[in-house]
Amino acid sequence: MTGASFSSPRPDPNIAQRKAADPTGSVWVSASAGSGKTKVLTDRVLALLLTGSAPEKILCITFTKAAASEMANRLNARLGAWARMDDETLAKEIAAILDRPPSPQEERRARRLFALVLDAPGGLKIQTIHSFCQSLLGRFPIEANTPPHFDVMDERTAAELMQVARDRVLNQGMDDPDLGKALGVISQYVQEDQFNTLLQRISSERSRLAMLIGDGEEPLFDAVARIYAAVGADPALGEDDVVAAACEDGAFDKAGLASAFQVLRDLGTPKNDGAAAARIERWINADAAGRQAILDDYRLAYFTSGGDPRANLAGKKVREQRPDIELLLDRERERLVEIDAAVARQVTAACSAALLTLGTAILAQYQRAKDLRAKLDYDDLILRARDLLRGSLVANPSWVMFKLDGGIDHILVDEAQDTSREQWEVISGLADDFFSGEGQGLENRTIFVVGDVKQSIYSFQRADPDAFDTMRDYFQARIQAAGERFGRVPMEVSFRSTEAVLAAVDATFADDRAKIGLVPPDGTVTHYAHRAGVPGLVELWPVVEKVDGEVPEHWSAPVAVQSDVPPVARLAQGLAEKIAGWIGKEYLPSKGRTVRAGDILVLVRRRTEFVDRLIRELKQRGVTVAGVDRLTLSKHIAVMDLLALGQFLLLPEDDLTLATVLKGPFIGFDDDDLFRLAHDRGKQSLWRRLEAAQKSEGKVDGRMKAAWDWLSGLLAAVDYHPPYELYAHILTQPCPAPVPSHAAVAEFAPMSGRRALISRLGVEAEDPVDEFLSLTLSFDLRRVPSLQGFLHWFAAGEAEIKRDLESGENDALRLMTVHGAKGLQAPIVILPDTVRKPAGGGANVSFYWVDDAVSRAGADASPVFLWPPAKRFEEDRCKTAREAAEWKADQEYRRLLYVAMTRAEDRLYICGYSTEKAIKEGCWYDLVRNGLNGLPGIAEVPFDAGEDWSGDALRLSMGAANEDVGSETAEGAVVTAAAQTSADLTDIPVPDWLFAEPAVEPTPPNPVAPSRPDVEDPPVRSPLADGKGPDGGVLGDEDRFKRGLLIHSLLQFLPDQPAGRRRELALSYLSRPAHGLTEAGRDRMVEEVMAVMDHPDFAAIFGPGSRAEAPIVGVLERASGIDVVSGQIDRLLVTENEVLVVDYKTLRPAPADSRQIPLAYRRQLAGYKGLLQKVFPGKTVKCALLWTDIPSLMPVDDDLITL
């Protein structure tokens, strides 16, 4: 073990943090994982503010919006606390930041900083690099050659514009010979999806392409000439020309080959030498055109089918008797190798020129499309800001720099290891004047950079880890040349992880092969644990391997269940079982409690089928899962249901789509319903069959009619509403979905579309549905709204939503990619995706930048652009460039492992699955295993996680009372902790209040709801008992529960409607199929409700000015004492002289007269009346009860209402 966790003394982290926060000089910080870089950034800004820097002159550049928000929140919280902090505490906090006692002026300034930041123009500038560039271009649009009203496109809109540009250029190729030729060359080697990938990569490199093309008289011609010159190809020749020349009689030793094939035939073996002789003979006897046709077959005499040179070109007897024949054949093979190289040069040059021609045309068309719309993409923000700052867009950039010099004095850069070279050019353009020219004379201008090369994992966003050291050396030279201070500060003390985790990290990357890409060849990966002595655990579990089953017969009847479960499934099952066994049972010492789901973070390298399998297995075991961090919207089942409904509305005769909708959450047919509808219908469409079924359907089940009515209503509206309004209506209005059996009584009303989706699919459907609605609104605002256009637009792109899983506060297990977990942490981290390695080489979609004579001669000249369409066409330069790219990708693969391991606070578990016999060398599992094997204190322990997953595991356990933390039970741990706690408390004196009598409860006591007074409620009638209806008949489909609820609903919303429409609206509401009312029952219920509302004594309470569900709270003096009453009056009307109160009673047997009203109800009315008399003194309070079971309105006399 070479790391610092075991032997080296831990450095004081406060010293490093104070050096980094020193505001008097520029600092470059290398901060390892968990070393507190966010705190250092915050302290640095506070130190600058305390020492007199204006808030508006500080620029903080972060990598993500979340990081910017977190930093801003931390600063505002500290400044807000300073404004109201006592003097002594404030002085201590300032001294900790400045590393010296504060002056009185600094203390006074600290208290004013919160207000200064709020009042500063623009406030503190804490932004992402893209946000800063956007504000810069908005400030200098004319100088940046940018429309003042420009808008920034999201990635989806940019992809759509690129698609439009591509289609236009492809159409132009039919008339433009140069474009047509280029398209013909490219189409020979790539498919459509690969072509789109190539265009995306070209777009991301358009800055370098512009440099390559330049601005000469014929820039594209000159760039193409450079490509051909770089690879040594002839622009006048093509692949066929090279092959044709190689097949001419004078291009090879025809006579020598003639003698060779005769010797091979006469002396050699029939199988090998005879086959080679036959191929050579056919080659010799063919003419030039024939040789071109059989060239691939002829090559097999010298090369294997895989393209490798044959070990022996002739048999042993031939080599011994005629060694000259083997030499002759070897020369011919070398000639074929040179032919391949010449072909590769020609093809690479031709394809590179074609791609450059086509790509340049598409990018130009893309730029025109953006200009017409005044749009910029994210790359435009960086490139235009860079060009603005270095003077490429204006003849004299001094005005821009003058204005900026007056606005920025300090630059702070976070996550600098993930900054691209173009972004560094923006930063250097801002900071160069700090240390040169007139800007150099200004007092105390600094740059502060914090990052960690070991955590650079975003190469797909063009992050350049090498630039971190390059730019450090660049700024150090400039700053020191200007006579200013520059410091390098390493931060290696981790506040996050335990000693065990850090020891495993250091051991893993101690090997020379493993550390490449993380530290220099002579450097070491070293961490120090701030949490020394805290229990920690690292375990490497055995790999789940493929189990060899019996070889089946050539054919056997599929009647037996195959027991061979794939390794990925067995790992998901075993891991889910492990996790479920931890939660609520395994003790977590650092938290002082058992493990919760939110303590666990599962990290994978990529989202594969394992992720879906693990989520499914965890949910089956009752483990709460937060889901994945990124979700493709079109693949979520809730969105698929919405899309299917939209597709049906466009084509109702599509039977499969309609069947999907009928079985979906909005309607909820089961298999029997669908079979009954679809069976034996001949050629009749399912839609027409539904129409016929709803007409002939019986009265018991109205679902067919409900489905028909709902879908027909949507069909009638689809042509008149834009997509957003249509889908908003679907989600907010009632649908025919059946109410779940577990629903409460109050949920008998029809469910909205959103509730139906969530009821079927769970609350995790909310985010995708909300995002889907946002997309419909975005489409309506930017395009001609139509449902067909929206569905086509949605299908053309892949909308992806990023879910916020940045904390475990929701107590749900998080499952994320390592990229998504950057900056996060968890007590328990599991790495299950450790055996697979990324595939090398991006065949036929990778291009490379290589130096040529022009780029080597001029510092401002771009390298040349080369694209080999396949690996066999790689010439030497491309092969070297590809190997270098694969080496860089391998380095990032190891850095990704570092980031994954350092997310763990207390425990780290490493496992994996493999479909191969041997684990690949250099994979994550191999690297960790090699590192742990060399550690002192490592133990080999038995591991058993069920069938087909067992073996020996490696365990590293460190920290107090953690000898067997991996298998410790919750009960034992809790008992041990309790015993320890008891021992610690034996010497503490017992306080007097422990055995004293409790104080008298204060008056008034907690509120008492009038609906739950101290008198017991009367018994209710059994819902299963037979009952007579108001007309003496037996209650049928309008059962008492539903009847009471419906009457209550009518009495709630009808009073707010015009008196002339109340009857009509009531009939419409009760006619909904979901209520299941007969026509007679519906009409009778309407008449009863209208009779109540027209009651001569209480008609006013159901008219204008009355209130429903009126809350009331107050204090009442009863005979039993003082009560605080809190309730809600169902209906209330306050007039000039009186107050009318009506309370609804549901599901009670109504008394015959007011004298039979139960005491509990009368006491409740007494509470209302007593409070209202206090609120409205001098007014008469009249009370009544409305029995919704009948319904009947019963006034209650004053002598019956008593407190």
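The values are calculated or read from the model by the stated rules, or taken from the named source; none is laboratory data. Computed from a prediction, not measured in an experiment: that's the story for all the values here. All Cβ positions, glycine included, derive from the backbone under ideal geometry; neighbour counts span all protein chains shown.
Quick look at the values:
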{"read-out": "Which listed residue is under 27 Å from the mean Cα position of the chain (by Cα), more than 26 Å from residue 775 (Cα to Cα), assigned to a loop (DSSP other than H, G, I, E, B) and at pLDDT 85 or above, from 622, 598", "value": "622"}
{"read-out": "Top-ranked residue in the range 689-734 [being surrounded by 14 or more Cβ atoms within 10 Å (Cβ to Cβ) and of a type in the set (Lys, Arg); ranked as nearest to the chain's Cα centre (by Cα)]", "value": "703"}
{"read-out": "Residues located in the range 285-303, provided they are among the hydroxyl-bearing types (Ser, Thr, Tyr) and assigned to a loop (DSSP other than H, G, I, E, B)", "value": "302"}
{"read-out": "Residue 379 vs. criteria more than 22 Å from residue 182 (Cα to Cα) and crowded, with 17+ Cβ neighbours inside 10 Å", "value": "yes"}
{"read-out": "Residue count, the range 22-52 (criterion: of a type in the set (S, T, N, Q) and crowded, with 21+ Cβ neighbours inside 10 Å)", "value": "5"}
{"read-out": "Filter result for residue 505 (of a type outside the set (Phe, Trp, Tyr), in contact (Cβ under 8 Å) with a residue 24 or more places away in the chain and assigned by TED's automatic domain parsing to the domain that holds residue 399)", "value": "no"}
{"read-out": "Some residue of the range 516-528 being modelled with pLDDT of 90 or more, small (Gly, Ala, Ser) and surrounded by 20 or more Cβ atoms within 10 Å (Cβ to Cβ)", "value": "no"}
{"read-out": "Residues being surrounded by 13 or more Cβ atoms within 10 Å (Cβ to Cβ), closer than 18 Å to residue 582 by Cα and modelled with pLDDT under 90 - total across the range 909-948", "value": "1"}
{"read-out": "Number of the exception - residue 362 against (1) assigned to a helix (DSSP H, G or I); (2) modelled with pLDDT of 90 or more", "value": "(2)"}
{"read-out": "So residue 207, is it outside the structural domain of residue 385 (by TED's automatic domain parsing), of a type in the set (Gly, Ala, Ser), free of Cβ contacts under 8 Å to residues at least 24 places away in the same chain and surrounded by fewer than 19 Cβ atoms within 10 Å (Cβ to Cβ)", "value": "no"}
{"read-out": "Number of positions in the range 267-291 that are of a type in the set (D, E, K, R) and closer than 18 Å to residue 327 by Cβ", "value": "1"}
{"read-out": "Hits in the range 89-128 (condition: basic (Lys, Arg) and part of a helix (DSSP H, G or I))", "value": "92, 108, 109, 111, 112"}
{"read-out": "Any hit, the range 341-350, residues being more than 28 Å from residue 129 (Cβ to Cβ) and surrounded by fewer than 18 Cβ atoms within 10 Å (Cβ to Cβ)", "value": "yes"}
{"read-out": "Residue within the range 114-136 that is closer than 30 Å to residue 461 by Cα, hydroxyl-bearing (Ser, Thr, Tyr) and not assigned by TED's automatic domain parsing to the domain that holds residue 52 present", "value": "no"}
{"read-out": "Residue match in the range 53-71 (condition: under 30 Å from residue 510 (Cα atoms), touching a residue at least 12 places away in the same chain (Cβ under 8 Å) and buried (at least 21 other Cβ atoms within 10 Å of the Cβ))", "value": "yes"}
{"read-out": "Close pairs (6 angstrom Cβ cut-off, 6 or more residues apart or separate chains): of a type in the set (Val, Ile, Thr) in the range 319-340, surrounded by 15 or more Cβ atoms within 10 Å (Cβ to Cβ) and assigned to a helix (DSSP H, G or I) anywhere", "value": "325/260; 325/263; 325/318; 339/246"}
{"read-out": "Test: residue in the range 92-99 that is surrounded by 15 or more Cβ atoms within 10 Å (Cβ to Cβ) and in contact with a Lys or Arg (Cβ under 6 Å, 6 or more places away or on another chain)", "value": "no"}
{"read-out": "Tally, over the range 1092-1122, of residues that are in contact (Cβ under 8 Å) with a residue 40 or more places away in the chain and in a helix (DSSP H, G or I)", "value": "5"}
{"read-out": "Only listed residue being modelled with pLDDT under 90, over 45 Å from the mean Cα position of the chain (by Cα) and not assigned by TED's automatic domain parsing to the domain that holds residue 133, chosen from 334, 326", "value": "326"}
{"read-out": "Meets criteria (of a type outside the set (Asp, Glu) and within 30 Å of residue 188 (Cα to Cα)) for residue 304", "value": "yes"}
{"read-out": "Condition met for residue 1062 (more than 47 Å from the chain's Cα centre (by Cα), within 18 Å of residue 1192 (Cβ to Cβ) and charged (D, E, K, R))", "value": "no"}
{"read-out": "Failed item, numbered, when residue 827 is tested on (1) modelled with pLDDT under 90; (2) touching an Asp or Glu at 6+ places or on another chain (Cβ under 6 Å)", "value": "(1)"}
{"read-out": "Qualifying positions in the range 799-816 - surrounded by fewer than 20 Cβ atoms within 10 Å (Cβ to Cβ) and either acidic (Asp, Glu) or at pLDDT 90 or above (or both)", "value": "800, 804, 806, 809, 811"}
{"read-out": "Residue 748 vs. criteria modelled with pLDDT under 75 and of a type in the set (Phe, Trp, Tyr)", "value": "yes"}
{"read-out": "Residues of the range 52-88 satisfying the condition of being within 25 Å of residue 428 (Cβ to Cβ) and not in a helix (DSSP H, G or I)", "value": "53, 54, 58, 59, 60, 61, 62, 63, 64"}
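Table: residues versus (1) under 24 Å from residue 181 (Cβ atoms); (2) touching a helix residue (DSSP H, G or I) at 6+ places or on another chain (Cβ under 8 Å); (3) aromatic (Phe, Trp, Tyr); (4) touching a residue at least 60 places away in the same chain (Cβ under 8 Å).
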residue: 285; (1), (2), (3), (4): no, no, no, no
residue: 312; (1), (2), (3), (4): no, yes, no, no
residue: 356; (1), (2), (3), (4): yes, yes, no, yes
residue: 370; (1), (2), (3), (4): no, yes, no, yes
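Here is a yes/no grid of residues against (1) modelled with pLDDT under 90; (2) farther than 19 Å from residue 37 by Cα:
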site: 58; (1), (2): no, no
site: 64; (1), (2): yes, no
site: 70; (1), (2): yes, no
site: 75; (1), (2): no, no
site: 78; (1), (2): no, no
site: 84; (1), (2): yes, yes
site: 89; (1), (2): no, yes
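Condition check ((1) over 20 Å from residue 255 (Cβ atoms); (2) surrounded by 12 or more Cβ atoms within 10 Å (Cβ to Cβ); (3) outside the structural domain of residue 250 (by TED's automatic domain parsing)) across all residues:
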| position | (1), (2), (3) |
| --- | --- |
| 272 | yes, yes, no |
| 275 | yes, yes, no |
| 282 | no, yes, no |
| 285 | no, no, no |
| 291 | no, yes, no |
| 296 | yes, no, no |
| 300 | yes, yes, no |
| 307 | yes, no, no |
| 317 | yes, yes, no |
